[in-house]
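Below you'll find the structure, written out as structure tokens, and then a few comments.
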Amino acid sequence: MTMKNNFLLFFILPLLYGCYDQKSIQREAVSQYYEGFNSGKYSQIKEVISDSIIFYSGDYIMPYSSRSFHEKFKWDSIFQPSYTLVGMECVDDQIIATVQSSSVRHIFLKNSPMVCDYKISFDNGKISRIEDMECPTADWDVWQREVGNLVKWVDLNHPEFNGFIYEMTMNGAINYLKVIALYEDRDEVSF
């Protein structure tokens, strides 16, 4: 080997190893993120997310601080979710994660289990952005119909719960479950 080749290897190998190491850290962060939801341990999630995290879902942009994201976590946990990381693909500096999820809410909305792809971005090795890509197993027409029926029924029969669908707190999720239970026990004629 010539001195020129040795010189190139000396500089290229650390770069390649650094890229591999970065991808490994990112993959581990994504795994830990979903494991934290499954185990109900926000502390596990907090370790791998940035101080602020942004979610993109279609036209909706939802920024969260660590504190407000903890509220979202509590809301989600009430629905007894399960997340299975089906696959991960590294694309540039991001990870495309394929996730299968199920929850009481998804079951009620007739979309369980649901498989979705998410583009996950990082800032200094921590998750800073999650963008919904596609959910090939989701039937959004059924989802919307079920939500619409539930909201309409609540408006007519239990106005004390009006707005439950927008309250993204633990109490809001508890009310959502109460509404589902009331709706499932309803008399069919109450619409």
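Here, each number is a calculation from the coordinates, and none is a lab measurement. Predicted model, so just to flag it, every value in this text is computed and none were measured. As a convention, Cβ positions derive from the backbone with ideal geometry for all residues, glycine included, and neighbour counts pool all protein chains shown.
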Extension reserve of the LYS110-LYS178 stretch, reckoned as 0.36 nm per residue once the Cα distance is removed: 22.7 nm
Karplus-derived 3J(HN,Hα), 6.51/-1.76/1.60, for each residue of segment 63-76, Hz, glycine and proline x: x, 9, 8, 4, 5, 6, 5, 4, 5, 4, 4, 4, 4, 4
Of all GluC sites (Glu not before Pro) in segment 86-191, which ones are in loop regions per DSSP and have a Cβ with at most 11 other Cβ atoms within 10 Å? GLU134
Amide H partners (placed H, <5 Å) of PHE122, local residues excluded: SER128
From the phi angles alone, apply the Karplus equation (6.51, -1.76, 1.60; θ = phi - 60°) to segment 96-110 and give each ³J(HN,Hα) in whole Hz, x where the residue is Gly or Pro. 9, 9, 9, 10, 9, 10, 8, 6, 4, 5, 4, 5, 4, 7, 6
Please state the shape class of segment 139-191: rounded when a/c is under 1.5, otherwise prolate if a/b exceeds b/c and oblate if not, all from the C-alpha gyration tensor. oblate
Under 22 Å between alpha carbons, and skipping anything fewer than 8 positions from LYS119 in its own chain: which lysines qualify? LYS23, LYS46, LYS72
HN-Hα J in Hz across segment 51-60 - Karplus 6.51, -1.76, 1.60, θ = phi - 60°, x for Gly and Pro: 4, 9, 9, 10, 10, 10, 9, x, 8, 8
Charge dipole of the chain about the Cα centre (unit charges at C-beta), most positive-ward option of SER103, TYR83, ILE127: ILE127
